[in-house]
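Every read-out reported here was derived from the displayed coordinates using simple, explicitly stated rules and does not represent laboratory data. As the structure is a computational prediction, the values presented were derived from the model and not from experiment. Don't worry about glycine lacking a Cβ; one is built from the backbone with ideal geometry, like all the others, and counts go over all protein chains shown.
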Amino acid sequence: MDCVFCHKEKIVTDIIYEDELVMAFMDMEPINEGHILLVPKVHYLDVDEMPDETLSHLMIISKKIVFALKEVYKPNGYSIMQNGGEFNDVGHYHLHIFPRYIGDGFGWTYGEDIKNVNAEIAKRIRDRIN
């Protein structure tokens, strides 16, 4: 497999954290200064493929990164996000963590289609979780 995130030596930006399960490094195309990618060292595409131990560890480390970003940048807030499936443009699970500021221009875009929100949709999802 030729995944850049699976090969530490191919990462060309500064690594800010590393342990036996995860690695965090500066994003090469940051949304805001301080934008960090947190990745598991083992290759996974999606969150549902990951062992619970790795996933919970990612969240613990993301908390530490958020703390550091708040200390360094004094932002108005922060975002933590992850794109899965076809929307994962790298092919290796990665969690984006970055400081946010009022008026920074980052935001969600929505299509024009009307989206349904109702009890039947909630039941379909709830049944598969339980």
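Restricting the stretch 6-22 to residues that are more than 13 Å from Ile36 (Cβ to Cβ) and among the hydrophobic types (A, V, I, L, M, F, W, C) leaves a set whose member that is surrounded by the fewest Cβ atoms within 10 Å (Cβ to Cβ) is Val12. Given the structure, is Phe5 in contact with a strand residue (DSSP E or B) (Cβ under 8 Å, 6 or more places away or on another chain), within 17 Å of Gln82 (Cβ to Cβ), aromatic (Phe, Trp, Tyr) and in a helix (DSSP H, G or I)? Yes, satisfied.
Taking every residue in the stretch 1-21 that is free of Cβ contacts under 8 Å to residues at least 40 places away in the same chain and pairing it with any residue that is assigned to a loop (DSSP other than H, G, I, E, B) and surrounded by 12 or more Cβ atoms within 10 Å (Cβ to Cβ), at least 6 positions away or on another chain, the pairs with Cβ-Cβ distances below 7 Å are Leu21/Lys41.
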